[in-house]
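A.B. asks: Take this structure, written in structure tokens, and hold onto it; I'll ask about it next.
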Amino acid sequence: MTTLALTGSPLWYASRASGTLALVLLTATVVLGIASGGRAAPRRIGRFEIGLLHRDLSLLTLVFLAVHVVTAVLDPFVHLGWAVSVVPFGASYRPLWLGLGTAALDLLLAVLLTSALRLRLGVRRWKAVHWLAYAAWPLALFHGVGTGTDTRLPLQLWLYAGCLASVVGAVWWRLAKAGPGRVTGRLVAAMAATAVPVVLSAFLAGGPLQPGWAQRAATTAALLGGGR
Amino acid sequence: MSSSATAPFAPHHLAPGPGDAADARLLAGWYATGQPATLADHLGRHGPPPVTAVAGGRTSPPLVEAVEAAGLTGRGGAGFPTVRKLRAVAGRRGRAVVVVNAMESEPASRKDRFLLAVAPHLVLDGAVLAAIATGADTVHVCLPRDRSDQYRQLSAALEERRRARLDPVRLRLHALPHTYVSSESTSLVRWLNGGPARPQGSPPRTHERGVARRPTLVHNAETLAHLALIARHGPDWFRQAGTPDEPGTTLVTVSGAVAAPGVLEVALGTPLTTLLGRAGGPTEPLRAVLLGGFAGTWLPDAHTHTPLTRRDLAPLGAVPGAGVLVALPHTACGPTETARMLAYLAAHSARQCGPCRLGLPAVAEDFTALAAGRADPDLLSRLHCRTGLLPDRGACRHPDGAARLAASALRVFADDVDRHLTHGGCPATHRPPRIPVPPATPPETWR
Amino acid sequence: MTRTRTLRIDRITCTGRGLCAELLPELIDLDEWGYPVLKDRAVPDHLRTHARRAVAACPRLALHADRGRP
């Protein structure tokens, strides 16, 4: 198992490390966003501090994402090319699982851009795009799990479990603290928060944790290529 | 025949006061004939609307100049100078739109309904003339949905005009949901744009971007009727009535403990006692009068000599509002009447802004507890504090009006309030209420 | 050229989250339900940066610092 992870250039290590860190930071950003959106106020610190932390963590996420993408593209082993960093599902290497990461990056860039311009866009348009951040997080998670270089490391599995638990926990906490109204939105949030861990566990058990995933991850290219 | 006969909350039949028609302008035809004016009656009395002044580029049309010289102010409650709105809309690019606000959501007011019933063409003339002066091609007439006979009457009047080919602009009639705040000008614009009839915060202001994103002129029905007469007779004629600062006549709905409640036309500056006298005089000794409607001010009986002008009423914290005067007799309980009105106002909040959604119902509940003699020791200070936090904190002036009513009640009925706090009520508390208040239930629909 | 700023709250958009009062307590109070009460609409020069931060921090973008006097 360890030999699998110890092949490749320093760039490859840097890419994996920064990717994992970006996922952790994104998780923290999403958790703060979910938790601070409700009516409950923090006791010790100001709401504005949580808001600033949310902003700073998101910017840090993007810094590590940039490192992750640049190192992956520069790495000679996989020959990705720069187009892969913005155009999803076009890679020669594990196109589906890499594509999920590219899609997540695109969504986060849209969120970044609209947040920078939010005073001009108005709250409705800004929030509409900001919801995409919720889609980016599971995409990033499945990208990490599915690309799967480190998925079978116990530490990495614990990390994924931690990310999952914090986001699901934040959703449930917010739902528990919320007042009446907006039943549909809450049901959707509760169902999504339940569905993601279930789907992820099933996927892990059937995919990356089984032997021979490296070959199968590559063959999803054929599946997807056939579909297009 | 008055349209008030169909109003759901009108226990008293409102007809204009008898006789004394010296001041009458808008209602002159009604006083002369006692009949609603058909188009033929209207044209016979006033002649065709002077629409000749259509030509001319961007220079100010003569009508705008005349309205400025006349000093006409809005009769819908805010009292804003009419010419400023006309100028603002006329000065913008793009085809303008004129909206006639005949919603009259104030429960104690009958004047727009009455005016539209007896002299509909005067209002429509004014709307058309304002449209021409501002370069508008469409006039939207907004009526409340629950007055179907008014709608029928007015569509007949519009049909008459269409057949006579009188108007160079399009006139369209609309029936809007009837709530207290749906008469706010931004509510009308929002509804006409396909939204709910709820107030919209500004900017952009209605005159900048209103119906279909076009510059929009919203005027009360009575204001436009005055404008139609100014266009015919000129500003000097208009200034023959009223005071130099606040010229002209105004319609007032007098109700409560008077012998002949109804809609009167009086010169601005007429003392309130004269108004009560023209409505037949008080039927019993008066405690106070409510001026301006549910969003108005209680004035003690001692102040009824005050002339009906903004300038004279300002030191008393009152405004003429939409011309509502309710006489409250000594045998009535001021706090109870106020609590019922506040409960209605709270129920009719558009529930958009925090202070109105939470603060206004809290004030209404406190007042209800006070009226019922269930006051806790902190109630009065809490009530003062919450009432003070309502004004200027909403997208519209609804919370401001409710706060004005509550604060003036605490001031004028201070003795009663004291008795309610210490003895749980006053002798009048258990008598039936005197002011008709619509049920305090939230509106069924905003669309 | 005037650089005076005037605070304005979009009352319909505001949901009473209260970040503005944390960042600009000199000009903004909260009522008992957490909705802002403007103590003074005009922003004095020495508070301009704080006002800008408060505007940027509003999660509903309901606080505005408009150019010009009230």
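Read-outs throughout are calculated quantities, based only on the coordinates presented, and are distinct from any laboratory measurement. This structure is a prediction, so every number in the text was calculated from the model and none was measured. Note that we place each Cβ from the backbone using ideal geometry, even for glycine, and neighbour counts take in every protein chain shown.
A.B. asks: Where Rh is the Kirkwood radius over the Cα pairs of chain B, the temperature 20 °C and the viscosity 1.002 mPa s, what D in µm²/s does Stokes-Einstein return? Spell out each step's value before the answer.
C.D. replies: Numbers: Rh = 22.2 Å.
After rounding, the answer is 97 µm²/s.
A.B. asks: Give, as a single signed number, the net charge of other residues whose beta carbon lies under 14 Å from the beta carbon of B:LEU43, with Lys and Arg counted +1 and Asp and Glu -1. Walk me through the numbers on the way to the answer.
C.D. replies: On the way: positive: B:ARG45, B:ARG161, B:ARG163, B:ARG165, B:ARG232; negative: B:ASP41, B:ASP125, B:GLU160, B:ASP167.
Net charge in that neighbourhood comes out at +1.
A.B. asks: If you don't mind, another one. With charges set only on the Cβ (+1 for Lys and Arg, -1 for Asp and Glu), what does the dipole of region B:3-238 come to about its Cα centre, in debye to the nearest 20? Intermediate results must be reported in sequence, preceding the final value.
C.D. replies: Details: 29 positive and 19 negative charges, 206 e Å.
Roughly 980 debye for region B:3-238.
A.B. asks: Enumerate the aspartates and glutamates that A:LYS127 could reach by cross-link, defined here as Cα to Cα under 17 Å, with residues fewer than 8 away along the same chain left out.
C.D. replies: By straight Cα distance, A:LYS127 reaches A:ASP106, C:ASP10.
A.B. asks: Counting helices only, and only those DSSP H runs with n ≥ 4, report the 222 nm mean residue ellipticity of chain B as the sum of -39,500 (n - 2.57) divided by its residues, in deg cm²/dmol to the nearest 500.
C.D. replies: Details: 16 runs with 170 residues, N = 447.
Computed ellipticity for chain B at 222 nm equals -11500 deg cm²/dmol.
A.B. asks: Quick one: compute a quarter of the convex hull surface over the Cα atoms of region B:334-423 and quote it in nm².
C.D. replies: On the way: hull surface 19.5 nm².
Mean projected area of the Cα convex hull: 4.9 nm².
A.B. asks: Also: Which aspartates and glutamates, if any, have their Cα less than 19 Å from the Cα of B:LYS111, not counting same-chain residues under 8 positions apart?
C.D. replies: B:ASP20, B:ASP23, B:ASP125, B:ASP146, B:ASP149, B:GLU184, B:GLU222, B:GLU265
A.B. asks: What's the average, rounded to a whole number, of partner chain beta-carbon atoms within 10 Å of each residue's beta-carbon in B:377-389?
C.D. replies: On the way: counts 0, 0, 0, 0, 0, 1, 0, 0, 2, 2, 0, 1, 6.
What the average comes to for B:377-389 is 1.
A.B. asks: I need C:ILE9, B:ILE435, A:ILE50 ordered by Cβ neighbour count within 10 Å, fewest first.
C.D. replies: Values: C:ILE9 24, B:ILE435 20, A:ILE50 17.
Least crowded to most crowded, the residues run A:ILE50, B:ILE435, C:ILE9.
A.B. asks: Test of understanding: ordering B:HIS420, B:HIS330 by Cβ neighbours within 10 Å, fewest first, what list do you get?
C.D. replies: Exposure proxy ranking, most exposed first: B:HIS330, B:HIS420.
A.B. asks: Once a ≥ b ≥ c are taken as the square roots of the eigenvalues of the Cα gyration tensor of region B:3-238, is the result rounded (a/c under 1.5), prolate (a/b larger than b/c) or oblate (a/b not larger than b/c)? Could the numbers behind the result be given before it?
C.D. replies: Values: a/c = 1.55, a/b = 1.11, b/c = 1.40.
Taking the square roots of the gyration eigenvalues as a ≥ b ≥ c, region B:3-238 is oblate.
A.B. asks: Is region B:293-447 best put as rounded, prolate or oblate by its Cα gyration tensor, with a ≥ b ≥ c the root eigenvalues, rounded for a/c under 1.5, and otherwise prolate when a/b is larger than b/c, oblate when not? Let's see the in-between values first.
C.D. replies: Working: a/c = 1.44, a/b = 1.07, b/c = 1.34.
Verdict is rounded for region B:293-447.
A.B. asks: In which sequence would A:MET191, B:MET341 go, from the one with the fewest C-beta neighbours within 10 Å to the one with the most? Mind dumping the intermediate values first?
C.D. replies: Working: A:MET191 10, B:MET341 29.
Taking fewest neighbouring Cβ atoms as first place, the list is A:MET191, B:MET341.
A.B. asks: Sticking with this structure for a sec: If you take the C-alpha gyration tensor of chain A, multiply each eigenvalue by 5 and take the square root, what semi-axes do you get, largest first, in whole Å? Mind showing how you got there, number by number?
C.D. replies: On the way: eigenvalues 196, 80, 60 Å².
Whole-Å semi-axes of the equivalent ellipsoid: 31, 20, 17.
A.B. asks: Over region B:374-447, one equal point on each Cα, no solvent: what is log10 I(q)/I(0) by the Debye formula at q = 0.16, 0.17 Å⁻¹?
C.D. replies: Each listed q corresponds, in turn, to -0.80, -0.88.
A.B. asks: Something else about it: Please give the FRET efficiency for C:LYS39 paired with B:ARG382, using the beta carbon to beta carbon distance and R0 = 30 Å, rounded to the nearest 0.05.
C.D. replies: On the way: r = 20 Å, r/R0 = 0.68.
With R0 = 30 Å, the Cβ-Cβ based efficiency is 0.90.
A.B. asks: State, as an integer percentage, the relative contact order of chain B based on alpha-carbon contacts under 8 Å between residues 6 or more apart. Spell out each step's value before the answer.
C.D. replies: Working: 931 pairs, mean separation 77.0, N = 447.
Result for chain B is 17 percent.
A.B. asks: I've got another one for you. Counting only other chains, and only Cβ atoms inside 10 Å, what mean value do you get across the residues of B:201-207?
C.D. replies: Working: counts 8, 2, 4, 0, 0, 0, 0.
Counting other chains' Cβ atoms within 10 Å and averaging over B:201-207 gives 2.
A.B. asks: Classify region A:69-189 from the C-alpha gyration tensor, please: rounded if a/c falls under 1.5, else prolate or oblate depending on whether a/b exceeds b/c.
C.D. replies: Numbers: a/c = 2.88, a/b = 1.40, b/c = 2.06.
The shape class here is oblate.
A.B. asks: Moving to a separate point now. Where the eigenvalues come from the Cα gyration tensor of the protein assembly as shown, what are the semi-axes √(5λ) of the equivalent ellipsoid, largest first, in whole Å?
C.D. replies: Numbers: eigenvalues 802, 195, 97 Å².
Square roots of five times the eigenvalues give 63, 31, 22 Å.
A.B. asks: As a check on your grasp of the helix formula, calculate [θ] at 222 nm for chain A: sum -39500 (n - 2.57) over DSSP H runs of n ≥ 4, divide by the residue count, round to the nearest 500.
C.D. replies: -25500 deg cm²/dmol
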